[in-house]
Structures are given as structure tokens and as C-alpha cells.
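Colleague: Before I ask anything, let me first share the structure, which is written out below as C-alpha cells.
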Ligand SMILES: [Mn+2]
């Protein structure tokens, strides 16, 4: 047991003992971050609590139908005083919390950290961290179930399922376990609409986005190490040509993972201080988490992200190739 760990049962008890919650998730929120945050808001409201979420960024379009209205885009330190508990979701360290100008390490409110990242640093008063869990939403389901007499509505269930579906890639990734499948079945029995989620998440790409992906695959896909590594560089002019909102391209990297023989895949795009990097591994033998930790980032062993500090793409790719080669040769 790490420092200040709590069990799901204790987390449910902490929720019962507080009345007004602020829900926070990470920057560039993905399906698990948003599904978890909206599910928690809904659960708290259904069970007689007050709660608001802090979501400073505009949501990716495909998530808007799931959004809750109790969200703020801004918060000052004095606004924080109106709450009596902060719950941080899917955030491995407080620096990654959305709205980073607030130092969540120093605020005078009790913080609960609920997460499944293996590099979570247990930054809160109460830490419920389970790296075996497929999604933060999956941990939340365990918490909700262990609350005595707590109500889990169909809408809460659906939002939990959204988080689970997105972090398991629709139950395709290696984190798909008997446990998460059982939980998903229980969530369906609570009347979550699985087919609505699948349709909205996987079968609703705008046509220009699909054409953008096609052109990207045709002209900007590169491979190395006998095809064991494949990556895209995303040219800003291509993004402009198809008027693509990069927030909506969460699944883009799957096109690389789908290629036979790839072990590690990546997406590189220009960022403020260099090149933003997304990484996926297709086998537990290769840790992209280890690569990301060396490149100003982190995450899971098989899904991670970082930032390559380089002045030009050529240098960024060189740095990346060195790290990928080392990881591919590690076994
Ligand atoms: Mn997650």
C-alpha cells in the first residue's frame, strides 16, 4: 500500500461525508476523463450532493452530446473556497490537471485522487489508484457500487461506459480484462446504451476528417526498423486543408496500430516548445511509457505521450528513433 491510499469503500464513505464537490480532470481530456467527470457529476447530483466540474477547454465535438451543464471553464482560488472536497480524475500528477495556474498541491481543500495511471505520484490527501483497472471510469463504478444505498442511474451508467469503451478502444486493447468485461455487463444491465456510444464514438467521423486520414496515410506515414515502428507527422497545412479539429482525432493512431508487423507506433505534431508525441505499443514487451518518461511525458506502459524538445522535425524524429530502437532491442 502506498502513502495515503484509500479503498473504493473508503472513497465511497468520503463522498458520503462531503456535500459540495469540485470535479477536475486532465488537460486535453479524452473519453475516460470526460466520461468519468460527467458520470461523477451525475452520480453526485442523483445522490443529493452539490457538484461542479472544471473543464477549461472546448470539448471535442463527438463528446458534446454527453456533456453535463454543470461545468465551469474558469476558476479562481477564491471560487475554490465554496467547495468542501476536490476529486481529481484520471490525473497521474497534479501538474497535469486542467487549469494548471491553480496549484492543486497547495489548495486548502481536501483532495481525492482517483486514477489508473501506473506513474501516479499519490499527490492527494486520499489516493485511490489502481493501475490494473482498464479505466478511471471502471474504478468509479466500483466506488459507486460500494456506496450504501447509492443510486446509479442509467445516465451515470452510460457515462461510465463511455470512459471504459474509450480507454479499452472498444474492448480491443490489452487492458481488456475479465473484470472490466463483467463490469461492462453490469453497467449494461443498469440500462446504459452501448450501441449509442459505439455509433457516436466510432461510426460518426465527419467526411473531411476521414479524407484527412486517408491523405495522411497515403503521404505522411513513415516506417523504420523493418516496419516494427510506424509514425505519422501531422503537417499543419494538411490540418488546415481539411479544416480538421485535432481534438476530434483521438483514434487516428489506431490506423498505425492496425498495420501488421508494427510493434510501436507514434504521432508527432508541432507544439509550442517542440513536437508533441503520442505513443502506443502493441505488446507488453515494449513499454512506450518508458520512452515517454524520457521525453518529458508519461502515461501507461502501452499508451503514453510526451514532448520532444527539438528545433526541427528532422531532429525530433532522430531523437524519437533512438529511443524507439533502444526499446525494440531491449528484449
Ligand atoms: Mn484513463
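Bear in mind these aren't lab numbers, they're just calculated from the coordinates by the rules spelled out. A quick note: this is a predicted structure, and the numbers were derived from the prediction, not measured. Reconstructed Cβ throughout: ideal geometry from the backbone, glycine too, with neighbour counts over all protein chains shown.
Colleague: Hey, any idea what the orientation-averaged projected area of the convex hull of region 8-202's Cα atoms comes to, in nm²?
Modeller: Values: hull surface 39.2 nm².
Value for region 8-202: 9.8 nm².
Colleague: Anyone know which of 196, 125, 241 comes out most mobile in the 10 Å Cα GNM of the chain?
Modeller: 241
Colleague: Calculate how steeply helix 178-189 sits against the longest principal axis of the alpha-carbon atoms of the chain, using the helix alpha-carbon long axis, and give the answer as 0 to 90 degrees to the nearest 10.
Modeller: Approximately 60 degrees, to the nearest 10.
Colleague: Once you treat every alpha carbon in region 207-328 as an equal point and sum by Debye, what is log10 I(q)/I(0) at q = 0.18, 0.20 Å⁻¹?
Modeller: -0.92, -1.13
Colleague: In addition: Between helix 136-146 and the chain, what is the angle of the helix's C-alpha long axis to the longest principal axis, kept within 0 to 90° and rounded to the nearest 10?
Modeller: 20
Colleague: Given a 10 angstrom Cα cut-off, can you work out which residue in 122, 203, 173 is the most mobile in a GNM of the chain?
Modeller: Answer for the Gaussian network model of the chain: 203.
Colleague: Tell me the relative contact order for region 207-328 as a rounded percent, counting alpha carbon contacts under 8 Å between residues six or more apart.
Modeller: Details: 206 pairs, mean separation 21.8, N = 122.
With pairs under 8 Å counted, the relative contact order is 18 percent.
Colleague: Tell me the mean residue ellipticity at 222 nm calculated for the chain from its helices only (DSSP H runs of n ≥ 4, each -39500 (n - 2.57), averaged over every residue, nearest 500). Don't skip to the answer; put the middle values down first.
Modeller: Working: 12 runs with 122 residues, N = 331.
The helix-only estimate for the chain comes to -11000 deg cm²/dmol at 222 nm.
Colleague: I'd like the projected area of the chain, averaged over all directions, using the convex hull of its alpha carbons. Report it in nm² with one decimal. Numbers along the way, then the final one.
Modeller: Details: hull surface 66.9 nm².
The Cα convex hull of the chain, projected and averaged over all directions, gives 16.7 nm².
Colleague: Here's something else I'd like to know. Pairing the Cα long axis of helix 207-219 with the longest principal axis of the chain, what angle in degrees results, from 0 to 90 and rounded to the nearest 10?
Modeller: Here the helix axis deviates by roughly 40 degrees.
Colleague: Identify the residues of region 268-288 with backbone N under 20 Å of a label point that sits 7 angstrom from the Cα of residue 238 along the Cα-to-Cβ direction, or state none.
Modeller: 268-272, 274-281
Colleague: Looking at the chain, send over the antiparallel percent of its DSSP beta bridges, to the nearest 5. Mind showing how you got there, number by number?
Modeller: Details: 21 of 47 bridges.
The antiparallel fraction comes to roughly 45 percent.
Colleague: From zero up to wherever the largest Cα-Cα distance of region 36-150 sits, split into 10 Å bins and tell me the percent of pairs in each.
Modeller: Result, from short to long distances: 13, 45, 38, 5 percent.
Colleague: With contacts defined as alpha carbon pairs under 8 Å and 6 or more residues apart, what's the relative contact order of region 8-202 in percent?
Modeller: Details: 366 pairs, mean separation 47.7, N = 195.
This gives 24 percent for region 8-202.
Colleague: How many angstrom lie between the Cα centre of region 250-269 and the Cα centre of region 1-79?
Modeller: 30
Colleague: Express the relative contact order of the chain as a whole percentage, based on alpha carbon pairs under 8 Å and six or more residues apart in sequence. Display every interim value, and only then the final one.
Modeller: Values: 606 pairs, mean separation 44.7, N = 331.
With pairs under 8 Å counted, the relative contact order is 14 percent.
Colleague: Rank 103, 119, 174 by mean-square fluctuation in a GNM of the chain with C-alpha springs under 10 angstrom and give only the top-ranked residue.
Modeller: 103
Colleague: With 10 angstrom as the radius, rank 231, 126 by how many other C-beta atoms surround their C-beta, starting from the fewest. Please list the in-between numbers first.
Modeller: Values: 231 24, 126 18.
Fewest-to-most Cβ neighbours within 10 Å comes out as 126, 231.
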